Structure formats: structure tokens, C-alpha cells
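To keep things clear, I will list the structure first and then write my remarks on it.
The values are calculated or read from the model by the stated rules, or taken from the named source; none is laboratory data. All of these numbers come straight from a predicted model, not from anything done at the bench. Cβ atoms come from the backbone with ideal geometry, glycine included; neighbour counts cover every protein chain shown.
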Amino acid sequence: MVRQEENGLVSTVPSNRHRPESRPQDASPERFEYADVSRRIRPAPPRYRNEIGKFGIHRGPQCAACGRCVDTCRHGVHVRPEGYLHVMRPYDYRCIGPGCGDTGSYCIDACPQGALKLAVNPVSETMGDCRWTPDLLLSTWAMAETGRPPGNHLESEVGASGGGFDRLRFRFPDSPPPGLSREDISTKLLLNRRGDSRPRIEIDIPWYGGGMSFGSTNLRALLGKARVAKAFNGFTCTGEGGYPERFIPYKDHVITQVATGLFGVREETIQRARIVEFKYAQGAKPGLGGHLLGDKNTPSVAAMRETVQGVSLFSPFPFHSVYSVEDHQKHLDWIAHVNPRALLSAKVSTPGDVDMVAVGIYYAGGHIVHLDGSYGGTGAAPNVAKKNIAMPIEYAIGRVHQFLVAEGIRDKITVIASGGIRTPADVAKAIAMGADGCVIGTAELVALGCIRCTACESGRGCARGIATTDDELLKMVDVEWCTQRLVNLYAAWRQMLVDLLFRLGLDSVSALRGRIDLLGHLDYENEA
Amino acid sequence: MPAKYVIHHKTAKPRFRPIGKLGIVEWREDCSGCHNCVKRDCVYRLYRDEADTLRNEVGYLDYIYQCKGCLNCIQNCTKNILTRVVNPEFRRLGDGYYTPDLILSTWYQAETGKIPVSGAGYGGPFSGPGFDSMWTDMSEIVRPTRDGIHGREYISTSVDIGRKLPHLEFENGRLMDDPPPLAETPLPVIFDRIPPHWRRGAVTSAVAMAAAEIGTLAILDEASLRESGGSLRSHAIPFITAPHAATANPAEAATLVMIPDGPDVMAVQTALKREHSAGIVAIRIPAAPGVTGRAADLARGGADVIQLAFDSHGRERGAAQPRHLRDVLRDTHTTLVREGIRDEVTLIASGGIAAAEHVAKAIICGADMVAIDVPLILALECRLCGECERGQPCPIALEEIDAGFGARRIVNLMAAWHSQLLEMLGAMGIREVRRLRGETGRCMFFEDLERDTFGRWFGKRKTDS
């Protein structure tokens, strides 16, 4: 916050909010051409002046500015910049709460004046919901800032939905096998198992970024997603809103989505991609098409989608060219011929016959079946669809896995699960139930500051600058910050996943697949 | 091709300031007066509008109602003196079944007539009791219409009310039977009797007017019909409690009347039919334990229409361990199917139908259609505070409501429900609601999914506590 000017005077740098827009708008791609994206963890502090934490620290007027709290706290709550007399307002979002009392770094006890007070932050209690509890939001923010697992003061593995992932627990062996070290644990995920002539694409982490369309989401956030995909040798997906030019530097890590609206689906966007994904349905609105409300259909979005500005865009459901598995095969053949090196993925929702659908995708030539469960999704959807239609992903994974095993084709196709994957623990549980890997969406948005107020679709869009196309609001984030937050998140997730595998005694994430014996359910006797 | 059934909606702003969920609390002390919160940080401009509204006094003050809780003002406050709270009044709304969120959603639909839409996935519990343990299924590929539910083709939501023949008999090519009369509603929703404590002012008229506007039916008491001088009769189902005095009363000329269940109910039905040759008689049975047997008896005995009236939370009445409508309806439906008489009788379910999804789910469980009461009152801005039942004045002055305005709000709610029903039918790949009846193949039940998935892996589910 403080900068030594050349002439020796100390002046405060204007805070982020007051900074004049120093860069031209997103118009010039060259300016943002980054040859390399690093996986390196760097601090990516929150972009708001008052970040929200679980606890609040209040410094009373008795404070004598002795600085004891600064010396005591190991979490960066109390800071006194060089040359300053007074301690800054506490960065209380970093505080780990009363549990700190046992660690010898507890500022409350250390303050000789008794000027500090610790209380639960009332705002944190109003955030989130059953699936994304305040603790999950805050722990995701902590990971995105620091690149490390969040502290134990936050519940960072499960939410409070009362079922599915939130009631599943791992059963750890008493001690990991000797000789296993964390460095040797592989988290690679193979995407082409068909053994055909197409590339044997392998990514470094068992998850990749879900499709969010240009039009629904801020291009800067999307670029952050593309850049983290490049950094971790993974993927992100265009969603159905077309392929913005600025994705091209990351084209080896961007999946082109072919959705029913066919927005931006051209020969060159298909030829550019290493994976092409057909979106048959999406978990948040199974059985319904995409839905971009008119307010978000700005001139640039309309140009990309070749539509009229301001008109609400409903993608049809389903593909009007696909009414049978044979039609589906023709569909895949079409892409396979346009791009002979691409892997083919089909994203489907989770109806009761999802297992049959998965088999159909394999026989039609698909490399990846992507199951999107009903409780996830980032896009706008009727509440009645989000809550009620199709089954949660926790049920679908096991069904599909076992059906594919029975068909003898399990090792020929990659099963990806999405729709409610919030934490690395969810990823691991999904894999233990039979998926090969996962796709995440909401977790990435939360890392960028989403608070799940669910008002993404209305008016100018997201008030946090994430899911918006509003000229003013989209300036609330920048590409570099988005990238770093996501790099940190991915790094923390990977570390937590490796740690989990280590505790389970497994040397790779692929060894976890289908290991239902390593799971237990809190609502069951667990004696199958 | 017949014209599409459309319910036209038109915004009907609430008369009273609605109760919002979130509020921003500010401690005035220590405020630096920078006004960032007011001028800059509310992307919805609510604070600015607040000032305007205070100056100009137009309509209700909607800023608390409309706070979307984006936290921008809180997180950017220069002195960090703002905090967000959940409105305690919001928390007190309704009860465990008619939750505050459900009430707010109903208000929204009654105001706008639109489907509630939001982003960011579903944030509710994994499953729950009753309807919350059902997921309607969808079809990955097959859809009823080639151009989607917004297209040209038709998804029908009409249902028939009345006795149907098991088969037709002909002699020498001539139809021997006289098919019994049928009433048709364009929506599988009719309006139930409004409980007495809500029958104030123009409430009944509003309900009847709304029924007439959208072409459905409202069950009205004789007293209400008499008071109205017969003007509400066109879309009313008179509820007749004293059938012997029924001759010169509103039952006259009504195609469809309703009577309460009783020991001689079939005799009453016969008597009413004799006096009104075209009549359809519906029998209302309180859904107490054993209601399935009673409904089957009545159906065998020739009842036209049976209404199973559950309590307002969709539970059996008078049972120590009441079952939910979901299970009772499935029992009743399958019993009638097994006896081969399901198609002859119309089943109406009522009580606990609180949202559009419940309509589809009750029909999947075996009802032909549903009757609703509480949502109608919620549409009129009721807060379910219960003051009226205690004889206290109504905080929203229900007795002063204008019939036209009330009807507007109810029509809007039904427009939103109709659209949601279309969305669900569309996702299920079903193009008419009659085909949804008892169609449990288009639905997945929590206990089945748990048993088939986790049960296989983890053994027995611990007894639900």
C-alpha cells in the first residue's frame, strides 16, 4: 500500500478500486499474449478491501500500538508496515479463531491492554447454502489466495446437504505402506483409452474446467480458466457461446463444445481443438436447453453467436439432428472427419437410464463420457429444473461404472463426473465410486470471489464481476489475478488429493478408481 | 390445430412491502461519510433508489426486499462498518413446510407470472421428506416436440373430470351406452375451498374470478355462491353440505358439484344426479388412515370423482405416524389399477400442494389433478402469520383486497406454474399431462436410488431418525 517515491517522499498508492483503468479494454489480444503460464504459487490477495472471514477481530481504543499482536500472530492478521507507528486494521479474514488459543500465537491473550476482541463474523453465517456452506466458500477462498490447504478451523471437505458426498467418508488404513512417498504419487488422468489412432492425451490432474460460455461469463475469468488449464496441462471448455479469439494461444487446452445452439461451431474451431465435446444436456437444467437472458446478450456476445443483441437466447433441446444412438454416431462421425486428431467427448445429464446412454456413447465412438449430475451447474436455470429433474451425480457414477464393467468396456472409455464437485475430497469420492476424473465449475468461480448469491442471470449479470458481460462490471477482475487464484486453487487441490492418496496407501489416482471398499457412508451399517 | 393454451400474466405489484431475505446493517458511528456504499458499490443501485423513493414516496419501499446480498457495499466499505444479516422477519415467515424461501418464490410468481430462474446450481438439501424425495426423470434424447416447448407444437395440460366408461357397448352399430358427462379443465389444478379464516372481503371472489379467467374451477361454499348472487357460478364447483335442501340452491345448473363423504354418500350422489341430470358429483374424503380402502369402495360403488383431502402439509389426517400424500396416493392409485377401475374415476389430491413441482409429482404418484388453497392465499401476500386464526387483525389487511387485483395475482401464479409444468413435461419427454398420471417410470424415488446404489455397497441403511 505504501511506496517510496523516487524523490524520497512516501505516498500511498491508490487502492485497487480507485485505480484508473490503465489498460485498454480487452480489444487487443497481443497485449495479453502470455507465452508461459507458470504453475508457481504466488499470493493472490482478495480484491475487496474487507475480505470476509469466519471470524472478526476488533481492536478497541485501548490499543497502545505496542505491536505485540504483530509479533504474536503467525497468520498475518496483524500487520504494521515498515516505518509506521500504528498497526493496520486487522486482516481478520485470516484469523483461525479461538482454536488459536492453544498454539501460542493467540493475539487476544498476548495483548497487554486487552484491546482485542474475537467474535464470529456475522456475515459469514449469512453466506452460502447447504451444498456450499460458509466454510466451503471460505476455505476455497483461502486456497485461492495462498495455494495451500486451508487451516483446520474451516471444514473444507464436506458440505451440509445431508446426503451423497456429504455423508460419504474415506476409510483409511492404519498406516500407509512403507516406501510410499508423496512425491511418487501420480495424479495423471488418461483421456483416450480406446487404443485407436487418435492421440493418447494425458493430463496432469484428474479434473478439468467445465464449459462456461462467452456471454454467460466474464471473458477475463474465462481466460483465467484457459491459462490455468495450460499451466496444469489440463483442459477447459468453451461452453456453447463460441470460441473467442483470445483463447487461441491456449488452444491445446481448450475443448470446443458443440451444443444444440451450435453457436460459434465452425470448421476452424473444431479443427483447432484436441477434444471436441458434444453437450447433449447439462445437469443444472436437464432436459432443457441453454438459456442466456437478453440483458447479457451484448453486442460482442451477439456478434460471437451471430444473433441479435438483447434477445434472450434459448438453445433448443435436444439436438434436432439426434433422436437415436445411430444419429449420435453420425454426429460423432461428422466431427471425427472434420478433425481426425480430436478426442470425442459427450456430455450428458443423469436420467434413470444413464448407464445405457454411456454404453451408447462408447459404441458410437466416444472417448469420454461426461456425466453431469443434477445438483451442479453454473448457468441460469429454472429453479424447478435445478431441484427436481434427473438424479444427483453420486448415484449415476456407480451405475455407469458397473454397467460398463459388465459390458466389458470399462477400460475403453474415460468416465468424467461433474455436477456438485466442490472439493478435492469430492473428486476422490467420485473416483472411488467409479469415475476416472471430474469436471469442476462452481469451485473455480468461488475461487474468483463468487458468493453464490445466484443472481448471475439477471440484469447486468454478476455483481461480483464474474458471470457478467457488462462493460463496467467485468472490469472488477483482471486476467492475471484470475489466473493466479486458479493456479493456487489447483495447486492446493492437488496437494490435498496427493495427501489423501498417501493416507489411503495408493500410488496413483487411477488406482483409486472403483475402490468402493475405501468408502463408508454415515447413514449405513457399512456391512455389505 | 387448436390454439395453444396460454395464461397471460401482467405484473401485479404487492400492496404491502414484502419481507426480504437479506438486509444490510450499518453502525453509524465511525462512518467516514465517504458514501461509497451509496454511490458506487451497489451495482443494483438500490441505495440510490432508496433516496429517491424516500423523497418521492412512490409505492412501497422495495430496497430491502430487493437486496440481492452481493456483499459489494460490505466488502468495499471504507471503515468496514457494514454487515449483512438475514432478516429475522424472513426467518419467522411460514413454517417448516411453507418455508420462507417457498413463500418468497410464490410472491415473486404472483407478482410477475414468471418462472423463478437463478444461476449457480442448486443449494438445497440433498433430499427431504415427501415430495423432496422424488426426482422427476428426464429424457436424454427423446423430446415431445421437435422445436422445444417454446415452439409451435403443443404440450397439453388438460384433464377430464368425471366418471368414464370402462368400455363402449354397441348393438347393430349403435352405441348402447350413454357416456356420462365430463368436465374439462385446461390445467390439472383447481382451486380448493378456502379455509374459513381466510374467507374475508373479496378473497372468494378473487379466487372465483381467477378460475374463470384461466378456465379452471373453484370449489365454493353454497354461502359464498349465494352471497355473490350467482355471478361466480360459471366456474364454480358448489360444495354442498346439506344435500336435502339442495333443490333451490346453487347446485342448480352446476355441471359439477362436490359433497363431503358420509355413510349414505352414494345415495346422496344418486339423489343429486336425479335432480340435475347432467351433473357430475365429486366426493371429498378426508385422507385419514384407511382412505385407500374407502376410495376403492366408492370407486367400485360408482363414484365419479374422489378428492383426497390431506392436511396442509400433505400428510394423512389423524394418524399417529402420518404418511405423506406421495405414499398414500401411490397406494390408492395402484389399488384401483389392480382392480381394473382406475380409469373410471377421477382422483383429485389436495393439501400440501405448495409449488409447481408438487403438481407434477402428485400426478406421477397417481392423482389426475390437484386442488390448492394455501398457495392462492400466499399469492394474495399472506405471510401465514396465523393472526387471523387467533382473531387478530391481518397485517396485510386481506379483507380490503380488491377482487380484480387478487385475481390478477392468482392468475400470475398459475401462469408461472403452468410454464413450469411445461418445462417439466418437456424435460420428461411427455406431451400431455394425462399421460403423466401414475407414470412412476418418469420419476426416481430417493429410497430406490439409495438402495440400488449405496445399499449395494454399504449394506443396510440405518433407521431414519
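Below is a table of values for the structure above.
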quantity: Strands (runs of 3 or more DSSP E) (entirely within the stretch B:148-234) containing at least 2 residues that are at pLDDT below 95; calculated: B:183-185, B:218-221
quantity: Residue within the stretch A:449-464 that is at pLDDT below 95, in a strand (DSSP E or B) and within 14 Å of chain B (Cβ to nearest Cβ) present; calculated: yes
quantity: Hits in the stretch B:171-194 (condition: over 25 Å from B:V411 (Cβ atoms) and surrounded by 10 or more Cβ atoms within 10 Å (Cβ to Cβ)); calculated: B:L175, B:D177, B:P179, B:P180, B:P181
quantity: In the stretch B:106-143, residue surrounded by the fewest Cβ atoms within 10 Å (Cβ to Cβ) [restricted to those that are under 16 Å from the mean Cα position of the chain (by Cα) and at the interface with chain A (Cβ under 7 Å from one of its Cβ atoms)]; calculated: B:P116
quantity: B:H313 being assigned by TED's automatic domain parsing to the domain that holds B:E184, part of a loop (DSSP other than H, G, I, E, B), modelled with pLDDT of 95 or more and in contact with a Phe, Trp or Tyr (Cβ under 6 Å, 6 or more places away or on another chain); calculated: yes
quantity: Wholly enclosed strands (runs of 3 or more DSSP E) of the stretch A:159-277 bearing at least 2 residues closer than 30 Å to A:R515 by Cβ and of a type outside the set (S, T, N, Q); calculated: A:168-170, A:207-209
quantity: Selection status of B:R435, within 14 Å of chain A (Cβ to nearest Cβ) and not in a loop (DSSP other than H, G, I, E, B); calculated: no
quantity: Any hit, the stretch A:418-431, residues being surrounded by fewer than 24 Cβ atoms within 10 Å (Cβ to Cβ), within 14 Å of another protein chain (Cβ to nearest Cβ) and outside any loop (DSSP other than H, G, I, E, B); calculated: no
quantity: Among the residues listed as A:F214, A:F232, A:F247, the single one being of a type in the set (A, V, I, L, M, F, W, C), in contact with a strand residue (DSSP E or B) (Cβ under 8 Å, 6 or more places away or on another chain) and in contact (Cβ under 8 Å) with a residue 40 or more places away in the chain; calculated: A:F232
quantity: Any hit, the stretch B:439-447, residues being assigned to a helix (DSSP H, G or I), modelled with pLDDT of 95 or more and surrounded by 19 or more Cβ atoms within 10 Å (Cβ to Cβ); calculated: yes
quantity: Filtered residues of the stretch A:359-391 (kept if facing chain B (nearest Cβ under 7 Å), hydrophobic (A, V, I, L, M, F, W, C) and in a strand (DSSP E or B)); calculated: A:A381, A:I389
quantity: Residue that is surrounded by the fewest Cβ atoms within 10 Å (Cβ to Cβ) [pool: residues in the stretch B:333-364 that are of a type in the set (D, E) and farther than 18 Å from B:Y97 by Cβ]; calculated: B:E339
quantity: Set B:I341, B:I348, B:I377: member being of a type in the set (A, V, I, L, M, F, W, C), modelled with pLDDT of 95 or more and more than 25 Å from B:G262 (Cα to Cα); calculated: B:I377
quantity: Scan of the stretch B:69-126 for residues that are among the hydrophobic types (A, V, I, L, M, F, W, C), in contact (Cβ under 8 Å) with a residue 12 or more places away in the chain and on the phi > 0 side of the Ramachandran plot, ordered by number; calculated: B:L71
quantity: Helices (runs of 4 or more DSSP H) (entirely within the stretch A:89-148) containing at least 2 residues that are within 14 Å of chain B (Cβ to nearest Cβ) and under 31 Å from the mean Cα position of the chain (by Cα); calculated: A:122-125, A:134-146
quantity: Qualifying residues in the stretch B:365-408 (those that are small (G, A, S) and either part of a helix (DSSP H, G or I) or not assigned by TED's automatic domain parsing to the domain that holds B:I219 (or both)) - the one surrounded by the fewest Cβ atoms within 10 Å (Cβ to Cβ); calculated: B:G404
quantity: Near pairs, Cβ below 6 angstrom, 6+ apart or cross-chain, from the stretch A:398-412 (away from every other protein chain (no Cβ under 12 Å)) to any residue that is in a helix (DSSP H, G or I) and of a type in the set (F, W, Y); calculated: A:I409/A:Y362
quantity: Filtered residue count, the stretch A:443-475, keeping only those that are more than 13 Å from A:D295 (Cβ to Cβ), among the hydroxyl-bearing types (S, T, Y) and touching a Lys or Arg at 6+ places or on another chain (Cβ under 7 Å); calculated: 0
quantity: Any hit, the stretch B:282-295, residues being out of contact with any strand residue (DSSP E or B) (no Cβ under 6 Å at 6 or more places or on another chain), of a type in the set (S, T, Y) and part of a helix (DSSP H, G or I); calculated: yes
quantity: Meets criteria (more than 7 Å from chain A (Cβ to nearest Cβ) and surrounded by 19 or more Cβ atoms within 10 Å (Cβ to Cβ)) for B:C67; calculated: yes
quantity: Meets criteria (of a type in the set (S, T, Y) and assigned by TED's automatic domain parsing to the domain that holds A:T238) for A:S161; calculated: no
quantity: Condition met for A:G287 (on the phi > 0 side of the Ramachandran plot, at the interface with chain B (Cβ under 8 Å from one of its Cβ atoms) and touching a helix residue (DSSP H, G or I) at 6+ places or on another chain (Cβ under 8 Å)); calculated: yes
quantity: Qualifying residue in the stretch A:433-446 (condition: crowded, with 24+ Cβ neighbours inside 10 Å, touching a Gly at 6+ places or on another chain (Cβ under 7 Å), in the same structural domain as A:A358 (by TED's automatic domain parsing) and in a loop (DSSP other than H, G, I, E, B)); calculated: yes
quantity: The stretch A:164-186, subset surrounded by fewer than 21 Cβ atoms within 10 Å (Cβ to Cβ) and under 25 Å from the mean Cα position of the chain (by Cα), residue farthest from the other protein chains (Cβ to nearest Cβ); calculated: A:E183
quantity: Some residue of the stretch A:316-332 being at pLDDT below 85, away from chain B (no Cβ under 11 Å) and crowded, with 24+ Cβ neighbours inside 10 Å; calculated: no
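Results for (1) in a helix (DSSP H, G or I); (2) within 14 Å of another protein chain (Cβ to nearest Cβ), shown as yes or no for each residue.
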position: A:I41; (1), (2): no, no
position: A:P46; (1), (2): no, yes
position: A:R49; (1), (2): no, yes
position: A:I52; (1), (2): no, yes
position: A:I57; (1), (2): no, yes
position: A:Q62; (1), (2): no, no
position: A:C66; (1), (2): no, no
position: A:C69; (1), (2): yes, no
position: A:R74; (1), (2): no, no
